[in-house]
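Quick one: the structure is below, and I'll ask about it shortly.
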Amino acid sequence: MPIDQHFLIVPASGTGSRMNTNQPKQYLKLENGLSVLDQTLKTLLNIEQIKGCVIAIAENDTAFKQSSFAEHPKILTTAIGGKERFHSVISALKALRPFVQDNDWVLVHDAARPCVKAHEVENLISQLKDNPVGGLLATQVVDTIKKSAGNIVTSTLDRSKLWQAQTPQMYRFSVLSKALENVVKNNLTITDEASSIEHLGLDSVLVEASKSNLKITTAEDLALANFYLRA
């Protein structure tokens, strides 16, 4: 029986409008001299189990060609990103199709999460190896979470049942493809791959990870990412 292989998709076509900079956040420079995207790729492409990668970039992107990873042997190709994240993932899945079998694994990771730890991704791969669907890295919520109407509290949620989703989110190629096709067909609104899996009525496994695997959205996040990368 062939061994299921692991492939990486990195959606990197966002504009990063909330950063208030003149370039997309994935190309902002970190203190170590690498861009946010390059730091992310440095960690993930060094993981032995990951056999190939597709980067989804904006149609007018000229920056990725300058990346030190643009010619990396694991970069199979680039795909054109779409309006929403899931459009970019669908585009990357289509580009990945010639390289994969239906049962192979696809790890989707945010370009703007440069602090991801290789050993936690390896743990995700290990924990899910016999699972028919997949799962994701996540952290348990420790703060008290309020539900509101405007700025008025309406209820307090049970935090023992709440998790904060991270990436990578890892699913079988055929399962993820079917889930995202369902999103398009039914005009659903999702914010991550796990949401598309939920709409199919399938279960995702939560694999606990570090809070340091933050997503850079604001200038404050960039400073925090530099702190974690120095540690």
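Assign one of three labels to the chain, namely rounded, prolate or oblate, based on the Cα gyration tensor with a ≥ b ≥ c the square roots of its eigenvalues; rounded applies when a/c is under 1.5, prolate when it is not and a/b is larger than b/c, and oblate otherwise.
rounded
When ligands, DNA and RNA are left out and all protein chains stay put, how many square angstrom of accessible area per residue does the stretch 146-204 have with a 1.4 Å probe?
Roughly 61 Å² per residue, with all protein chains present.
Follow-up. Calculate what fraction, in whole %, of the accessible area of the chain sits on carbon and sulfur atoms when a 1.4 Å probe is rolled over the protein chains.
49
DSSP beta bridges in the stretch 1-160, what fraction antiparallel, as a percent rounded to 5?
DSSP beta bridges in the stretch 1-160 are roughly 25 percent antiparallel.
With springs connecting C-alpha atoms under 10 Å apart, model the chain as a Gaussian network and identify which of ILE190, ILE90, ILE125 has the largest mean-square fluctuation.
ILE190
If Lys and Arg each add +1 and Asp and Glu each add -1, what is the summed charge of the other residues whose beta carbon sits under 9 Å from the beta carbon of GLN169?
Every neighbour counted, the sum reads -2.
Using DSSP to define loop residues, name the trypsin sites (Lys or Arg not before Pro) in the stretch 77-133 whose beta-carbon has at most 10 other beta-carbon atoms within 10 Å.
LYS83
Students sometimes get this wrong: rank LEU202, LEU93 by accessible area, probe 1.4 Å, all chains present, largest first.
LEU202, LEU93
Between their Cα atoms, which of LYS42/LYS178; LYS42/LYS65; LYS117/LYS215; LYS147/LYS211; LYS29/LYS211; LYS29/LYS178 are more than 25 Å away from each other?
LYS42/LYS178; LYS29/LYS178
List the GluC sites (Glu not before Pro) within the stretch 1-105 that DSSP assigns to loop and that have no more than 10 neighbouring Cβ atoms inside 10 Å.
Listed in order of number, the matching sites are GLU48, GLU59, GLU71.
Under a Cβ-only charge scheme (Lys and Arg +1, Asp and Glu -1), can you give me the dipole magnitude of the chain about the Cα centre, in debye to the nearest 20?
I would put it at about 380 debye.
Tally Lys/Arg at +1 and Asp/Glu at -1 over every other residue whose Cβ is under 12 Å from the Cβ of LEU28; what's the total?
It works out to a net charge of -1.
If we count every other residue with Cβ under 14 angstrom of LYS65's Cβ, Lys/Arg +1 and Asp/Glu -1, where does the sum land?
My count for the surroundings of LYS65 gives -4.
Under a point-charge model restricted to the Cβ atoms of Lys and Arg (+1) and Asp and Glu (-1), what is the dipole moment magnitude of the stretch 50-90 relative to its Cα centre, in debye to the nearest 20?
About 160 debye.
Now for a different question. Using a Gaussian network model on the chain with a 10 Å cutoff between Cα atoms, which of GLY201, GLY150, GLY135 fluctuates the most?
So, out of GLY201, GLY150, GLY135, the one fluctuating most is GLY150.
If you take the square roots of the eigenvalues of the alpha-carbon gyration tensor of the stretch 124-231 and sort them as a ≥ b ≥ c, do you get rounded (a/c under 1.5), prolate (a/b over b/c) or oblate?
Oblate, since a/c reaches 1.5 and b/c is not below a/b.
Next question. Note down the magnitude of the dipole of the stretch 121-199 about its Cα centre, charges +1 on Lys and Arg C-beta and -1 on Asp and Glu C-beta and zero elsewhere, to the nearest 20 debye.
180
Compute the accessible area per residue over the stretch 64-142, keeping the other protein chains in place, probe 1.4 Å, unit Å².
Ligands and nucleic acids excluded, the figure is 47 Å² per residue.
The values are calculated or read from the model by the stated rules, or taken from the named source; none is laboratory data. All of these numbers come straight from a predicted model, not from anything done at the bench. As a convention, Cβ positions derive from the backbone with ideal geometry for all residues, glycine included, and neighbour counts pool all protein chains shown. Ligands, DNA and RNA are excluded from the accessible area calculation, which covers all protein heavy atoms including side chains. Shrake-Rupley method; radii C 1.70, N 1.55, O 1.52, S 1.80 Å.
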